[in-house]
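No value in this document is a laboratory result; all are computed from the given coordinates. As the structure is a prediction and not an experimental result, all values here were calculated from the model. Backbone-built Cβ (ideal geometry, glycine too); neighbour counts: all protein chains shown.
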Amino acid sequence: MERVFGRTIGERIKLLRESKGLTQEDLAREFCLAHGGVVSNYEKDKRKVPTDLVVSYSQKFKVTTDWILKGGE
């Protein structure tokens with residue numbers, strides 16, 4: 001059975017962003033990243049998401065870090 005949620009960290013953080021109608025640029029500004037391309041690289045799993053950013057995503061979107069990292073509930 002296929003999971004409803006994204007299978008990778010990047011897919012899950014993209015789902016979170018899109019669920020709130022935010023752009024990659026919006027998150028880049030909010031998380032003090034250089035530009036939206038950085039967020040894009042995280043979402044495409046081209047760059048590893050730093051631990052402090054996983055925590056920021058968790059707090060902003062009110063999900064556990066476990067869900068972001070492993071898809072756990």
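A DSSP coil position with no more than 12 other Cβ atoms inside 10 Å describes the following trypsin sites (Lys or Arg not before Pro) in the range 2-73: R3, R7, K20, K44, K46, K48, K62. Applied to the range 29-38, the Karplus parametrisation 6.51 cos²θ - 1.76 cosθ + 1.60 on θ = phi - 60° returns per-residue 3J(HN,Hα) values of 5, 4, 9, 6, 9, 4, 5, x, x, 5 Hz, with x for Gly and Pro.
With θ taken as phi - 60° and the Karplus curve 6.51 cos²θ - 1.76 cosθ + 1.60 applied, the whole-hertz 3J(HN,Hα) list for the range 62-69 is 6, 10, 7, 5, 4, 5, 5, 6 Hz, x standing for glycine and proline. Percent of alpha carbon pairs in the chain separated by more than 16 Å? So the portion of pairs separated by more than 16 Å is 41 percent.
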